[in-house]
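Trainee: Below are the structure tokens for one structure; questions will follow.
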Amino acid sequence: MDKLFCSVIKEFENEMFSEEISYIDDFFKFSSRKFRFMDMNSANEHCINKFLFMWVPKKVINSESGVVEKYVTSVNLFSKYIKEKYNVNIGEKNDDDVTEIKRICGINNDFKKFLFNPVISYSPMIIDFDIYKKRKDKIDKPCFFNMTEKGYFTIEEFFSEDYILMKKMYTGRFIKVSVDRNILSKIKKNDILYANLRQNPFFSWEFVEVYKYYPANVMKYIKKESLI
């Protein structure tokens, strides 16, 4: 079997006659970047895990809009298609997976609000300049200590209702960070985030930016060189 994985996604997309087409097209674009030369013999569950658990949460603004369910439904339809036509099994996702993806979407968006991320939409690019000003004021605020930490961290423990203990991957350093209570209620131990932190005058740390937030099941997809 020498067909490329991406070409089969496009083949499936061309045969669809439903609203799921746009969601499969996103999967095709993602796969064209990540799995461009992968043939069908090499396709496995990692293909859909990376898309659903790493890409979709960054794309979806409102986790309760039904969009996550449509992405999962579309990918499951594709999975059934290639299993029947090519005898290739990449697995399917269930309601628990939908709940987990929605949780990560919610955390991503809560962090954007908490840290005054001014971007309303990336395509087209729309920025809220009032929020941009608040964010700039926060970042430019004088800090007693000029210490920062940037990299991948894992969630280790929870302290009271305002703090979490994180461990920096690769170095193993532990850092106690203040976090919004609404976000804290959604966080789970072993979640992974790529963030920029700075120390505040009270010797604890605060978030400057959270670039990525992932569930623990994507640990195997994060390359070691990106942890340094």
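The values are calculated or read from the model by the stated rules, or taken from the named source; none is laboratory data. Small disclaimer: the values here were computed from a predicted structure and weren't measured. Here the Cβ is made from the backbone with ideal geometry for all residues, glycine too, and neighbour counts use every protein chain on show. Heads up: the accessible areas ignore ligands, DNA and RNA and are worked out on the full protein's heavy atoms, side chains in. Shrake-Rupley method; radii C 1.70, N 1.55, O 1.52, S 1.80 Å.
Trainee: Tell me which residues, restricted to the range 31-50, are touching a Cys at 6+ places or on another chain (Cβ under 9 Å) and in a helix (DSSP H, G or I).
Mentor: Across the range 31-50, the qualifying residues are SER31, SER32, LYS34.
Trainee: Another question, if that's okay. Looking only at residues that are part of a helix (DSSP H, G or I) and open to solvent by 60 Å² or more (accessible area, probe 1.4 Å) in the range 51-65, which one is farthest from LYS212 (Cα to Cα)?
Mentor: LYS59
Trainee: Would you be able to tell me the number of residues in the range 1-38 that are modelled with pLDDT of 90 or more, out of contact with any Phe, Trp or Tyr (no Cβ under 8 Å at 6 or more places or on another chain) and either open to solvent by less than 100 Å² (accessible area, probe 1.4 Å) or on the phi > 0 side of the Ramachandran plot (or both)?
Mentor: Residues in the range 1-38 being modelled with pLDDT of 90 or more, out of contact with any Phe, Trp or Tyr (no Cβ under 8 Å at 6 or more places or on another chain) and either open to solvent by less than 100 Å² (accessible area, probe 1.4 Å) or on the phi > 0 side of the Ramachandran plot (or both): 5 in total.
Trainee: Please go through (1) acidic (Asp, Glu); (2) at pLDDT below 90; (3) under 19 Å from ARG103 (Cα atoms) for GLU225 and return the number of the only condition it doesn't satisfy.
Mentor: So the condition that GLU225 fails would be (3).
Trainee: Being crowded, with 18+ Cβ neighbours inside 10 Å and either within 28 Å of THR99 (Cα to Cα) or of a type outside the set (Asp, Glu) (or both) is the filter here; which residues of the range 147-183 pass it?
Mentor: Once the filter is applied, which keeps residues that are crowded, with 18+ Cβ neighbours inside 10 Å and either within 28 Å of THR99 (Cα to Cα) or of a type outside the set (Asp, Glu) (or both), the range 147-183 yields TYR152, PHE153, ILE155, ILE164, MET166, LYS168, MET169, VAL177, VAL179, ILE183.
Trainee: Based on what the data block shows, is ILE61 touching a strand residue (DSSP E or B) at 6+ places or on another chain (Cβ under 9 Å) and of a type outside the set (D, E, K, R)?
Mentor: Answer is yes for this residue.
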